[in-house]
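Participant: One structure, as C-alpha coordinates, below. Some questions next.
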2 protein chains.
Amino acid sequence: MNSMKNRRSIRQYQPKEISPELLNELLETACRASTVGNMQTYSVVVTRDAERKRRLSPAHFGQPMVEEAPVVLTFCIDVRRFSQWCECRQAEPGYDNLEWFVTGAVDALLMAQTFCVAAEEKGLGICYLGTTTYNPDLIAEALELPRLVFPITTVTVGWPAEEPEQTDRLPLAAIVHAEVYHDYSPMDIDRLNAYKESLPANLQFIKENGKQTLAQVFTDVRYTKEANETMSKKLWEVMKRQGFIR
Amino acid sequence: MNSMKNRRSIRQYQPKEISPELLNELLETACRASTVGNMQTYSVVVTRDAERKRRLSPAHFGQPMVEEAPVVLTFCIDVRRFSQWCECRQAEPGYDNLEWFVTGAVDALLMAQTFCVAAEEKGLGICYLGTTTYNPDLIAEALELPRLVFPITTVTVGWPAEEPEQTDRLPLAAIVHAEVYHDYSPMDIDRLNAYKESLPANLQFIKENGKQTLAQVFTDVRYTKEANETMSKKLWEVMKRQGFIR
(Lines give C-alpha, C1' and ligand atoms only; values in the text may rest on other atoms or scores of the structure.)
Protein backbone atom coordinates (compact mmCIF):
# COMPACT_ATOMS: atom_id res chain seq x y z
CA MET A 1 0.00 0.00 0.00
CA ASN A 2 2.79 2.39 0.95
CA SER A 3 4.72 1.83 -2.25
CA MET A 4 1.54 2.60 -4.22
CA LYS A 5 0.91 5.78 -2.20
CA ASN A 6 4.48 7.04 -2.37
CA ARG A 7 5.28 6.15 -5.92
CA ARG A 8 6.71 8.42 -8.58
CA SER A 9 7.73 7.62 -12.15
CA ILE A 10 11.45 6.92 -12.50
CA ARG A 11 13.28 7.99 -15.66
CA GLN A 12 16.91 7.46 -14.60
CA TYR A 13 18.27 4.02 -13.84
CA GLN A 14 21.40 2.46 -12.35
CA PRO A 15 23.54 0.51 -14.85
CA LYS A 16 22.45 -2.73 -13.23
CA GLU A 17 20.51 -5.63 -14.75
CA ILE A 18 17.18 -7.03 -13.60
CA SER A 19 17.66 -10.78 -13.11
CA PRO A 20 15.54 -13.05 -15.32
CA GLU A 21 14.24 -14.71 -12.13
CA LEU A 22 12.92 -11.42 -10.73
CA LEU A 23 11.48 -10.32 -14.06
CA ASN A 24 9.69 -13.65 -14.47
CA GLU A 25 8.33 -13.52 -10.93
CA LEU A 26 6.88 -10.07 -11.65
CA LEU A 27 5.40 -11.17 -14.97
CA GLU A 28 3.88 -14.29 -13.36
CA THR A 29 2.33 -12.06 -10.70
CA ALA A 30 1.03 -9.71 -13.39
CA CYS A 31 -0.74 -12.60 -15.11
CA ARG A 32 -2.92 -13.01 -12.01
CA ALA A 33 -4.71 -9.77 -12.97
CA SER A 34 -8.33 -10.17 -14.08
CA THR A 35 -8.76 -11.12 -17.74
CA VAL A 36 -11.96 -11.37 -19.79
CA GLY A 37 -13.17 -14.99 -19.97
CA ASN A 38 -9.69 -16.03 -18.74
CA MET A 39 -8.58 -15.56 -22.39
CA GLN A 40 -5.43 -13.53 -21.61
CA THR A 41 -5.66 -11.52 -24.83
CA TYR A 42 -2.22 -9.94 -24.41
CA SER A 43 1.48 -10.52 -25.03
CA VAL A 44 4.56 -8.78 -23.63
CA VAL A 45 7.72 -8.19 -25.65
CA VAL A 46 10.81 -7.89 -23.44
CA THR A 47 13.60 -5.73 -24.88
CA ARG A 48 17.03 -6.08 -23.24
CA ASP A 49 19.27 -5.96 -26.31
CA ALA A 50 20.96 -2.57 -26.87
CA GLU A 51 20.57 -2.73 -30.64
CA ARG A 52 16.86 -3.50 -30.37
CA LYS A 53 16.43 -0.57 -27.94
CA ARG A 54 18.09 1.70 -30.51
CA ARG A 55 15.57 0.52 -33.08
CA LEU A 56 12.67 1.17 -30.70
CA SER A 57 13.91 4.59 -29.64
CA PRO A 58 12.58 6.71 -32.57
CA ALA A 59 9.06 5.37 -31.95
CA HIS A 60 9.33 6.99 -28.52
CA PHE A 61 10.74 10.24 -29.92
CA GLY A 62 14.20 9.36 -28.62
CA GLN A 63 13.26 9.61 -24.93
CA PRO A 64 16.50 8.49 -23.22
CA MET A 65 14.78 5.98 -20.89
CA VAL A 66 14.33 3.57 -23.80
CA GLU A 67 18.06 3.13 -24.35
CA GLU A 68 19.05 3.57 -20.69
CA ALA A 69 16.63 1.24 -18.91
CA PRO A 70 17.88 -2.34 -18.52
CA VAL A 71 14.45 -3.62 -19.54
CA VAL A 72 11.79 -2.17 -21.85
CA LEU A 73 8.43 -3.92 -21.88
CA THR A 74 5.97 -3.45 -24.72
CA PHE A 75 2.51 -4.60 -23.65
CA CYS A 76 0.40 -5.68 -26.61
CA ILE A 77 -3.22 -6.48 -27.29
CA ASP A 78 -2.98 -10.04 -28.66
CA VAL A 79 -6.02 -11.87 -30.04
CA ARG A 80 -3.75 -13.73 -32.45
CA ARG A 81 -2.68 -16.52 -30.11
CA PHE A 82 -6.29 -17.12 -29.03
CA SER A 83 -7.46 -17.10 -32.67
CA GLN A 84 -4.72 -19.57 -33.64
CA TRP A 85 -5.83 -21.85 -30.82
CA CYS A 86 -9.40 -21.67 -32.17
CA GLU A 87 -8.21 -22.55 -35.66
CA CYS A 88 -6.27 -25.54 -34.31
CA ARG A 89 -9.45 -26.72 -32.52
CA GLN A 90 -12.14 -26.69 -35.23
CA ALA A 91 -13.52 -23.38 -33.95
CA GLU A 92 -14.05 -20.23 -36.02
CA PRO A 93 -12.56 -17.19 -34.23
CA GLY A 94 -14.26 -13.78 -34.55
CA TYR A 95 -11.95 -11.46 -32.62
CA ASP A 96 -10.66 -9.29 -35.48
CA ASN A 97 -12.78 -6.28 -34.62
CA LEU A 98 -13.08 -3.09 -32.57
CA GLU A 99 -14.74 -4.77 -29.59
CA TRP A 100 -11.74 -7.08 -29.13
CA PHE A 101 -9.28 -4.28 -29.70
CA VAL A 102 -10.82 -2.58 -26.67
CA THR A 103 -11.26 -5.80 -24.67
CA GLY A 104 -7.65 -6.77 -25.41
CA ALA A 105 -6.53 -3.30 -24.35
CA VAL A 106 -8.31 -3.68 -21.01
CA ASP A 107 -6.69 -7.10 -20.48
CA ALA A 108 -3.21 -5.86 -21.43
CA LEU A 109 -3.41 -2.72 -19.28
CA LEU A 110 -4.60 -4.48 -16.13
CA MET A 111 -1.69 -6.86 -16.58
CA ALA A 112 0.77 -4.01 -17.22
CA GLN A 113 -0.30 -2.09 -14.14
CA THR A 114 -0.14 -5.16 -11.91
CA PHE A 115 3.42 -5.68 -13.17
CA CYS A 116 4.27 -2.07 -12.28
CA VAL A 117 2.79 -2.18 -8.78
CA ALA A 118 4.66 -5.44 -8.08
CA ALA A 119 7.91 -4.05 -9.54
CA GLU A 120 7.69 -0.93 -7.38
CA GLU A 121 7.07 -3.05 -4.30
CA LYS A 122 10.38 -4.79 -5.10
CA GLY A 123 12.17 -1.42 -5.25
CA LEU A 124 12.28 -1.08 -9.03
CA GLY A 125 11.33 2.16 -10.78
CA ILE A 126 9.08 2.33 -13.82
CA CYS A 127 7.97 4.85 -16.42
CA TYR A 128 5.07 4.50 -18.85
CA LEU A 129 5.62 5.77 -22.37
CA GLY A 130 2.44 7.31 -23.77
CA THR A 131 4.22 7.56 -27.11
CA THR A 132 3.28 3.92 -27.76
CA THR A 133 -0.04 4.86 -29.35
CA TYR A 134 1.50 7.77 -31.29
CA ASN A 135 3.80 5.53 -33.34
CA PRO A 136 2.34 2.04 -33.20
CA ASP A 137 3.53 1.43 -36.77
CA LEU A 138 7.20 1.94 -35.85
CA ILE A 139 6.84 -0.26 -32.79
CA ALA A 140 5.10 -3.03 -34.73
CA GLU A 141 7.98 -2.92 -37.19
CA ALA A 142 10.78 -2.87 -34.59
CA LEU A 143 9.25 -5.75 -32.62
CA GLU A 144 7.93 -7.70 -35.64
CA LEU A 145 4.35 -7.68 -34.40
CA PRO A 146 2.09 -9.68 -36.74
CA ARG A 147 -1.61 -9.29 -37.55
CA LEU A 148 -3.99 -9.22 -34.54
CA VAL A 149 -1.27 -7.92 -32.24
CA PHE A 150 -1.12 -4.22 -31.31
CA PRO A 151 1.23 -2.33 -28.94
CA ILE A 152 -0.91 -0.51 -26.37
CA THR A 153 1.65 0.69 -23.84
CA THR A 154 5.37 0.57 -23.02
CA VAL A 155 7.06 0.53 -19.63
CA THR A 156 10.75 1.13 -18.95
CA VAL A 157 12.01 -0.64 -15.83
CA GLY A 158 15.19 -0.42 -13.78
CA TRP A 159 16.80 0.24 -10.42
CA PRO A 160 16.19 3.93 -9.57
CA ALA A 161 19.06 6.40 -9.94
CA GLU A 162 16.95 9.42 -8.98
CA GLU A 163 14.43 10.37 -6.32
CA PRO A 164 12.15 12.94 -7.93
CA GLU A 165 9.46 14.91 -6.11
CA GLN A 166 6.04 13.31 -6.16
CA THR A 167 3.88 15.14 -8.71
CA ASP A 168 0.58 16.76 -7.76
CA ARG A 169 -2.82 15.22 -8.36
CA LEU A 170 -6.26 16.82 -8.60
CA PRO A 171 -8.33 16.62 -5.41
CA LEU A 172 -10.44 13.47 -5.24
CA ALA A 173 -13.57 15.62 -5.63
CA ALA A 174 -12.46 16.31 -9.22
CA ILE A 175 -12.42 12.61 -10.11
CA VAL A 176 -15.19 10.94 -8.13
CA HIS A 177 -18.91 11.27 -8.86
CA ALA A 178 -21.59 10.01 -6.45
CA GLU A 179 -24.32 7.99 -8.21
CA VAL A 180 -24.36 10.04 -11.43
CA TYR A 181 -21.91 12.22 -13.33
CA HIS A 182 -21.98 15.75 -11.91
CA ASP A 183 -20.90 18.21 -14.55
CA TYR A 184 -18.42 20.95 -13.67
CA SER A 185 -19.31 24.64 -13.47
CA PRO A 186 -16.59 27.22 -14.28
CA MET A 187 -16.37 27.78 -10.51
CA ASP A 188 -15.77 24.05 -9.94
CA ILE A 189 -13.05 24.14 -12.59
CA ASP A 190 -11.37 27.07 -10.83
CA ARG A 191 -11.56 25.45 -7.41
CA LEU A 192 -10.39 21.99 -8.51
CA ASN A 193 -7.41 23.34 -10.47
CA ALA A 194 -6.37 26.06 -8.01
CA TYR A 195 -3.66 24.05 -6.28
CA LYS A 196 -2.17 22.73 -9.55
CA GLU A 197 -2.16 26.24 -11.03
CA SER A 198 -0.45 27.68 -7.96
CA LEU A 199 2.58 25.36 -8.08
CA PRO A 200 5.87 27.18 -8.80
CA ALA A 201 6.92 24.46 -11.27
CA ASN A 202 3.76 25.04 -13.29
CA LEU A 203 4.11 28.83 -13.19
CA GLN A 204 7.67 28.36 -14.45
CA PHE A 205 6.38 26.03 -17.17
CA ILE A 206 3.97 28.72 -18.45
CA LYS A 207 6.79 31.29 -18.52
CA GLU A 208 9.26 29.00 -20.30
CA ASN A 209 6.73 28.33 -23.01
CA GLY A 210 5.74 31.97 -23.38
CA LYS A 211 2.06 31.29 -22.65
CA GLN A 212 -0.62 32.99 -20.54
CA THR A 213 -2.14 29.90 -18.92
CA LEU A 214 -1.06 26.38 -18.03
CA ALA A 215 -3.85 24.97 -20.22
CA GLN A 216 -2.31 26.76 -23.23
CA VAL A 217 0.94 24.86 -22.67
CA PHE A 218 -1.05 21.68 -23.22
CA THR A 219 -3.17 22.84 -26.16
CA ASP A 220 -0.52 24.92 -27.98
CA VAL A 221 2.71 23.05 -27.19
CA ARG A 222 2.41 19.57 -25.70
CA TYR A 223 -0.73 18.04 -27.23
CA THR A 224 -2.07 20.23 -29.99
CA LYS A 225 -5.37 19.62 -31.76
CA GLU A 226 -3.53 19.22 -35.04
CA ALA A 227 -1.10 16.61 -33.69
CA ASN A 228 -3.96 14.79 -31.97
CA GLU A 229 -5.91 14.60 -35.24
CA THR A 230 -2.87 13.35 -37.15
CA MET A 231 -2.18 10.71 -34.50
CA SER A 232 -5.84 9.63 -34.52
CA LYS A 233 -5.66 9.03 -38.28
CA LYS A 234 -2.45 7.06 -37.95
CA LEU A 235 -3.82 5.03 -35.06
CA TRP A 236 -6.84 4.10 -37.15
CA GLU A 237 -4.63 3.09 -40.10
CA VAL A 238 -2.49 0.86 -37.89
CA MET A 239 -5.59 -0.67 -36.24
CA LYS A 240 -6.67 -1.56 -39.79
CA ARG A 241 -3.25 -2.82 -40.82
CA GLN A 242 -2.99 -5.05 -37.74
CA GLY A 243 -6.41 -6.52 -38.59
CA PHE A 244 -8.75 -5.02 -36.00
CA ILE A 245 -10.80 -2.93 -38.45
CA ARG A 246 -12.01 -3.93 -41.90
CA MET B 1 2.93 -9.04 -3.43
CA ASN B 2 1.22 -12.05 -1.83
CA SER B 3 -2.24 -10.60 -2.26
CA MET B 4 -1.47 -10.04 -5.96
CA LYS B 5 -0.18 -13.61 -6.37
CA ASN B 6 -3.02 -15.28 -4.51
CA ARG B 7 -5.88 -13.20 -5.79
CA ARG B 8 -9.09 -14.46 -7.34
CA SER B 9 -12.13 -12.54 -8.51
CA ILE B 10 -14.90 -12.38 -5.91
CA ARG B 11 -18.52 -12.42 -7.02
CA GLN B 12 -20.29 -12.95 -3.67
CA TYR B 13 -20.16 -10.34 -0.95
CA GLN B 14 -21.11 -10.03 2.71
CA PRO B 15 -24.03 -7.66 3.40
CA LYS B 16 -21.61 -5.13 4.90
CA GLU B 17 -20.82 -1.61 3.75
CA ILE B 18 -17.43 -0.23 2.73
CA SER B 19 -16.81 2.92 4.79
CA PRO B 20 -16.47 6.17 2.86
CA GLU B 21 -13.06 6.65 4.56
CA LEU B 22 -11.72 3.35 3.27
CA LEU B 23 -13.16 3.88 -0.21
CA ASN B 24 -11.63 7.35 -0.40
CA GLU B 25 -8.25 6.09 0.79
CA LEU B 26 -8.29 3.47 -1.97
CA LEU B 27 -9.34 6.00 -4.61
CA GLU B 28 -6.63 8.45 -3.46
CA THR B 29 -4.07 5.66 -3.75
CA ALA B 30 -5.38 4.77 -7.22
CA CYS B 31 -4.85 8.36 -8.37
CA ARG B 32 -1.10 7.88 -7.79
CA ALA B 33 -1.02 5.61 -10.87
CA SER B 34 0.84 6.99 -13.90
CA THR B 35 -1.22 9.33 -16.08
CA VAL B 36 -0.31 10.87 -19.44
CA GLY B 37 1.00 14.42 -18.99
CA ASN B 38 -0.46 14.33 -15.45
CA MET B 39 -3.79 15.11 -17.11
CA GLN B 40 -5.85 12.45 -15.26
CA THR B 41 -8.22 11.92 -18.16
CA TYR B 42 -10.62 9.75 -16.14
CA SER B 43 -13.57 9.91 -13.78
CA VAL B 44 -15.09 7.30 -11.47
CA VAL B 45 -18.79 7.02 -10.77
CA VAL B 46 -19.53 5.39 -7.40
CA THR B 47 -22.83 3.53 -7.19
CA ARG B 48 -24.09 2.66 -3.70
CA ASP B 49 -27.81 3.37 -4.09
CA ALA B 50 -29.93 0.23 -4.58
CA GLU B 51 -32.24 1.87 -7.10
CA ARG B 52 -29.28 3.08 -9.21
CA LYS B 53 -27.79 -0.44 -9.14
CA ARG B 54 -31.10 -1.78 -10.45
CA ARG B 55 -30.89 0.70 -13.31
CA LEU B 56 -27.30 -0.34 -14.09
CA SER B 57 -28.02 -4.05 -13.89
CA PRO B 58 -29.44 -4.62 -17.43
CA ALA B 59 -26.28 -3.08 -18.95
CA HIS B 60 -24.38 -5.92 -17.27
CA PHE B 61 -26.88 -8.55 -18.42
CA GLY B 62 -28.30 -8.82 -14.90
CA GLN B 63 -25.14 -10.30 -13.36
CA PRO B 64 -26.09 -10.50 -9.65
CA MET B 65 -22.85 -8.83 -8.43
CA VAL B 66 -24.14 -5.45 -9.61
CA GLU B 67 -27.09 -5.46 -7.22
CA GLU B 68 -25.36 -7.43 -4.45
CA ALA B 69 -22.03 -5.59 -4.12
CA PRO B 70 -22.07 -2.70 -1.64
CA VAL B 71 -20.13 -0.57 -4.14
CA VAL B 72 -20.08 -0.57 -7.94
CA LEU B 73 -17.41 1.59 -9.59
CA THR B 74 -17.69 2.65 -13.21
CA PHE B 75 -14.32 3.84 -14.49
CA CYS B 76 -14.69 6.32 -17.35
CA ILE B 77 -12.47 7.89 -19.94
CA ASP B 78 -12.98 11.62 -19.26
CA VAL B 79 -11.48 14.30 -21.49
CA ARG B 80 -14.44 16.54 -20.72
CA ARG B 81 -13.11 18.00 -17.45
CA PHE B 82 -9.73 18.72 -19.04
CA SER B 83 -11.41 20.30 -22.08
CA GLN B 84 -13.61 22.46 -19.87
CA TRP B 85 -10.51 23.64 -18.00
CA CYS B 86 -8.95 24.58 -21.36
CA GLU B 87 -12.07 26.51 -22.36
CA CYS B 88 -12.00 28.41 -19.05
CA ARG B 89 -8.34 29.29 -19.67
CA GLN B 90 -8.30 30.77 -23.20
CA ALA B 91 -6.98 27.50 -24.64
CA GLU B 92 -8.56 25.50 -27.48
CA PRO B 93 -8.87 21.82 -26.52
CA GLY B 94 -8.43 19.12 -29.19
CA TYR B 95 -9.12 15.90 -27.31
CA ASP B 96 -12.36 14.81 -29.02
CA ASN B 97 -10.75 12.09 -31.11
CA LEU B 98 -9.64 8.45 -31.28
CA GLU B 99 -6.15 9.12 -29.93
CA TRP B 100 -7.57 10.53 -26.72
CA PHE B 101 -10.17 7.82 -26.46
CA VAL B 102 -7.28 5.36 -26.29
CA THR B 103 -5.07 7.57 -24.12
CA GLY B 104 -7.96 8.16 -21.72
CA ALA B 105 -8.61 4.41 -21.64
CA VAL B 106 -4.98 3.76 -20.65
CA ASP B 107 -5.21 6.38 -17.89
CA ALA B 108 -8.53 5.06 -16.57
CA LEU B 109 -7.43 1.42 -16.59
CA LEU B 110 -4.13 2.01 -14.77
CA MET B 111 -6.11 3.86 -12.14
CA ALA B 112 -8.77 1.13 -11.96
CA GLN B 113 -6.21 -1.63 -11.53
CA THR B 114 -4.29 0.27 -8.85
CA PHE B 115 -7.58 0.63 -7.00
CA CYS B 116 -8.18 -3.13 -7.26
CA VAL B 117 -4.70 -4.13 -6.07
CA ALA B 118 -5.01 -1.74 -3.10
CA ALA B 119 -8.55 -2.97 -2.31
CA GLU B 120 -7.44 -6.60 -2.33
CA GLU B 121 -4.53 -5.77 -0.04
CA LYS B 122 -7.14 -4.43 2.40
CA GLY B 123 -9.07 -7.71 2.26
CA LEU B 124 -11.80 -6.58 -0.12
CA GLY B 125 -12.85 -8.69 -3.10
CA ILE B 126 -13.39 -7.30 -6.59
CA CYS B 127 -14.78 -8.40 -9.92
CA TYR B 128 -14.32 -6.67 -13.28
CA LEU B 129 -17.35 -6.57 -15.56
CA GLY B 130 -16.31 -6.92 -19.21
CA THR B 131 -19.91 -6.15 -20.12
CA THR B 132 -19.09 -2.42 -19.77
CA THR B 133 -17.97 -2.13 -23.39
CA TYR B 134 -20.87 -4.27 -24.65
CA ASN B 135 -23.55 -1.84 -23.47
CA PRO B 136 -21.84 1.53 -23.04
CA ASP B 137 -25.04 3.26 -24.20
CA LEU B 138 -27.09 1.83 -21.33
CA ILE B 139 -24.37 2.72 -18.83
CA ALA B 140 -24.03 6.27 -20.15
CA GLU B 141 -27.77 6.65 -19.74
CA ALA B 142 -27.97 5.14 -16.23
CA LEU B 143 -25.06 7.26 -14.95
CA GLU B 144 -25.89 10.41 -16.96
CA LEU B 145 -22.49 10.49 -18.68
CA PRO B 146 -22.19 13.58 -20.89
CA ARG B 147 -20.17 14.13 -24.09
CA LEU B 148 -16.42 13.31 -23.89
CA VAL B 149 -17.00 10.79 -21.09
CA PHE B 150 -17.07 7.04 -21.85
CA PRO B 151 -17.43 4.03 -19.51
CA ILE B 152 -14.45 1.73 -20.09
CA THR B 153 -14.72 -0.75 -17.23
CA THR B 154 -16.76 -1.56 -14.13
CA VAL B 155 -15.62 -3.11 -10.87
CA THR B 156 -17.88 -4.52 -8.16
CA VAL B 157 -16.33 -4.32 -4.68
CA GLY B 158 -17.22 -5.83 -1.32
CA TRP B 159 -16.16 -8.00 1.60
CA PRO B 160 -15.76 -11.56 0.29
CA ALA B 161 -18.45 -14.13 1.08
CA GLU B 162 -16.78 -16.90 -0.93
CA GLU B 163 -13.33 -18.39 -1.38
CA PRO B 164 -13.24 -19.72 -4.94
CA GLU B 165 -10.41 -21.78 -6.43
CA GLN B 166 -7.76 -19.74 -8.19
CA THR B 167 -8.28 -20.08 -11.94
CA ASP B 168 -5.55 -21.37 -14.25
CA ARG B 169 -3.30 -19.17 -16.37
CA LEU B 170 -1.28 -19.98 -19.48
CA PRO B 171 2.42 -20.69 -18.85
CA LEU B 172 4.54 -17.54 -18.99
CA ALA B 173 6.13 -18.84 -22.20
CA ALA B 174 2.79 -18.27 -23.94
CA ILE B 175 2.74 -14.58 -23.00
CA VAL B 176 6.33 -13.36 -23.05
CA HIS B 177 8.42 -12.75 -26.19
CA ALA B 178 12.17 -12.09 -26.04
CA GLU B 179 13.22 -9.13 -28.23
CA VAL B 180 10.70 -9.75 -31.05
CA TYR B 181 7.32 -11.43 -31.37
CA HIS B 182 7.75 -15.16 -31.89
CA ASP B 183 4.80 -16.57 -33.74
CA TYR B 184 3.19 -19.80 -32.54
CA SER B 185 3.34 -23.09 -34.43
CA PRO B 186 0.44 -25.56 -34.06
CA MET B 187 2.78 -27.57 -31.81
CA ASP B 188 3.36 -24.48 -29.62
CA ILE B 189 -0.39 -23.98 -29.41
CA ASP B 190 -0.87 -27.62 -28.30
CA ARG B 191 1.88 -27.43 -25.70
CA LEU B 192 0.89 -24.05 -24.25
CA ASN B 193 -2.80 -25.00 -23.93
CA ALA B 194 -2.29 -28.60 -22.76
CA TYR B 195 -2.72 -27.87 -19.05
CA LYS B 196 -5.79 -25.67 -19.54
CA GLU B 197 -7.38 -28.28 -21.79
CA SER B 198 -6.72 -31.06 -19.29
CA LEU B 199 -8.57 -29.40 -16.39
CA PRO B 200 -11.70 -31.31 -15.26
CA ALA B 201 -13.71 -28.07 -15.03
CA ASN B 202 -12.94 -27.30 -18.66
CA LEU B 203 -13.75 -30.84 -19.81
CA GLN B 204 -17.05 -30.51 -17.97
CA PHE B 205 -17.63 -27.14 -19.63
CA ILE B 206 -17.25 -28.70 -23.10
CA LYS B 207 -19.71 -31.46 -22.22
CA GLU B 208 -22.31 -29.10 -20.72
CA ASN B 209 -22.25 -27.02 -23.88
CA GLY B 210 -22.42 -30.05 -26.20
CA LYS B 211 -19.20 -29.11 -27.99
CA GLN B 212 -16.12 -31.01 -29.19
CA THR B 213 -13.42 -28.57 -28.04
CA LEU B 214 -12.99 -25.88 -25.39
CA ALA B 215 -12.30 -23.31 -28.12
CA GLN B 216 -15.74 -24.02 -29.60
CA VAL B 217 -17.37 -23.06 -26.30
CA PHE B 218 -15.80 -19.63 -26.78
CA THR B 219 -16.52 -19.20 -30.50
CA ASP B 220 -19.98 -20.82 -30.60
CA VAL B 221 -21.40 -19.96 -27.18
CA ARG B 222 -19.59 -17.33 -25.13
CA TYR B 223 -18.17 -14.81 -27.63
CA THR B 224 -19.50 -15.53 -31.10
CA LYS B 225 -18.28 -13.75 -34.22
CA GLU B 226 -21.78 -12.44 -34.82
CA ALA B 227 -22.13 -10.97 -31.32
CA ASN B 228 -18.61 -9.50 -31.52
CA GLU B 229 -19.46 -7.76 -34.80
CA THR B 230 -22.71 -6.39 -33.41
CA MET B 231 -20.94 -5.12 -30.29
CA SER B 232 -18.20 -3.51 -32.40
CA LYS B 233 -20.81 -1.57 -34.36
CA LYS B 234 -22.54 -0.44 -31.19
CA LEU B 235 -19.23 0.53 -29.57
CA TRP B 236 -18.39 2.67 -32.59
CA GLU B 237 -21.81 4.35 -32.50
CA VAL B 238 -21.45 5.19 -28.80
CA MET B 239 -17.88 6.45 -29.32
CA LYS B 240 -19.39 8.81 -31.91
CA ARG B 241 -22.32 9.78 -29.72
CA GLN B 242 -20.01 10.58 -26.79
CA GLY B 243 -17.95 12.81 -29.09
CA PHE B 244 -14.75 10.81 -29.67
CA ILE B 245 -15.33 10.20 -33.41
CA ARG B 246 -16.69 12.59 -36.00
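The values are calculated or read from the model by the stated rules, or taken from the named source; none is laboratory data. The structure presented is a predicted model; accordingly, all values stated were derived computationally and were not measured. When we count neighbours, we look across all protein chains shown, and the Cβ atoms used for this are built from the backbone with ideal geometry, even at glycine. The protein model used for the area step is the full one, side chains on, heavy atoms only, and it has no ligands, DNA or RNA in it. Shrake-Rupley method; radii C 1.70, N 1.55, O 1.52, S 1.80 Å.
Participant: Would you mind working out the accessible area per residue for chain A, using a 1.4 Å probe, and quoting it in Å²? Working shown, then result.
Facilitator: Working: 9660 Å² over 246 residues.
Solvent-accessible surface per residue comes out at 39 Å².
Participant: May I ask you to report, in nm to one decimal and beginning with the shortest, the distances from B:LYS240 to the same position in the other copies, taking label points 7 Å along Cα-to-Cβ?
Facilitator: 1.7
Participant: Spin-label point model (7 Å from Cα, Cβ direction): what's the A:GLN204 to B:ASP183 distance in nm?
Facilitator: Taking the simple label geometry, A:GLN204 and B:ASP183 are separated by 5.1 nm.
Participant: Please report, to two decimal places, log10 I(q)/I(0) for the protein assembly as shown at q = 0.08, 0.09, 0.13 Å⁻¹ as given by the Debye formula with identical point scatterers on the Cα atoms and no solvent.
Facilitator: Debye intensities relative to I(0), on a log10 scale: -0.46, -0.59, -1.35.
Participant: With +1 on the Cβ of every Lys and Arg and -1 on the Cβ of every Asp and Glu, and nothing else charged, how large is the dipole of chain A about its Cα centre, in debye rounded to the nearest 20?
Facilitator: Details: 28 positive and 33 negative charges, 59 e Å.
For this selection, approximately 280 debye.
Participant: For region B:226-241, just list the computed ³J(HN,Hα) in residue order, Karplus coefficients 6.51, -1.76 and 1.60, θ = phi - 60°, integers in Hz, with x standing in for Gly and Pro.
Facilitator: The phi angles translate into 4, 5, 4, 5, 4, 5, 4, 5, 5, 4, 4, 4, 6, 4, 5, 4 Hz.
Participant: Still on this structure, I have one more. Normalised by the residues of region B:2-165, what does the relative contact order come to in percent, with Cα pairs under 8 Å and at least six apart?
Facilitator: Details: 281 pairs, mean separation 62.3, N = 164.
Taking the mean separation of contacting Cα pairs over the length of region B:2-165, I get 38 percent.
Participant: So how tilted is helix B:98-121 from the main axis of chain B? Cα-based, degrees 0 to 90, rounded to 10.
Facilitator: The helix B:98-121 is inclined about 70 degrees to chain B.
Participant: As an exercise, use a Förster radius of 35 Å and the Cβ-Cβ distance of B:TRP236 and B:ASP190 to find the FRET efficiency, rounded to the nearest 0.05. Provide the component values of the computation, followed by the final result.
Facilitator: Details: r = 36 Å, r/R0 = 1.03.
Once rounded, the FRET efficiency stands at 0.45.
Participant: Near A:LYS225, which lysines are there with a Cα under 25 Å away, not counting those fewer than 8 places off in the same chain?
Facilitator: A:LYS196, A:LYS207, A:LYS211, A:LYS233, A:LYS234, A:LYS240, B:LYS240
Participant: Let me ask something else. How long are the semi-axes of the ellipsoid equivalent to chain A, from square roots of 5 times the Cα gyration tensor eigenvalues, in whole Å, largest first?
Facilitator: Working: eigenvalues 205, 114, 81 Å².
Ellipsoid semi-axes (Å, largest first): 32, 24, 20.
Participant: For chain A, what is the calculated [θ] at 222 nm in deg cm²/dmol (nearest 500), taking -39500 (n - 2.57) for each run of four or more DSSP H residues and dividing by its residue count? Let's see the in-between values first.
Facilitator: Values: 11 runs with 109 residues, N = 246.
That comes out to -13000 deg cm²/dmol.
Participant: In whole angstrom, how long is each semi-axis of the equivalent ellipsoid of region B:144-199, when you take the square root of 5 times every eigenvalue of its Cα gyration tensor and sort them from largest down? Each step should come with its number before you reach the end.
Facilitator: Working: eigenvalues 233, 105, 20 Å².
After diagonalising the Cα gyration tensor, the semi-axes are 34, 23, 10 Å.
Participant: Between the label point of B:GLU144 and that of the same position in each other copy, find the distances and list them shortest first in nm, with every label point placed 7 Å from Cα along the Cα-to-C-beta direction.
Facilitator: 5.5
Participant: For the interface of B with A, what's the total buried accessible surface in square angstrom, probe 1.4 angstrom, rounded to the nearest hundred?
Facilitator: Working: alone 14800 and 14790 Å², together 19340 Å².
Counting both chains, the buried surface is close to 10300 Å².
Participant: In chain B, what percent of the accessible surface is made up of carbon and sulfur (1.4 Å probe, ligands and nucleic acids excluded)?
Facilitator: Looking at chain B in its full context, I get 51 percent from C and S.
Participant: Hey, for a label at B:LYS225 modelled as a point 7 Å past Cα toward Cβ, could you say which residues of region A:78-115 have their backbone N under 17 Å away?
Facilitator: Residues A:79-101 fall inside that zone.
Participant: Assume the label is 7 Å from Cα along Cα to beta carbon: what separations in nm does A:PRO20 have to the matching positions in the other copies?
Facilitator: Inter-copy label distances (nm, one decimal, shortest first): 5.4.
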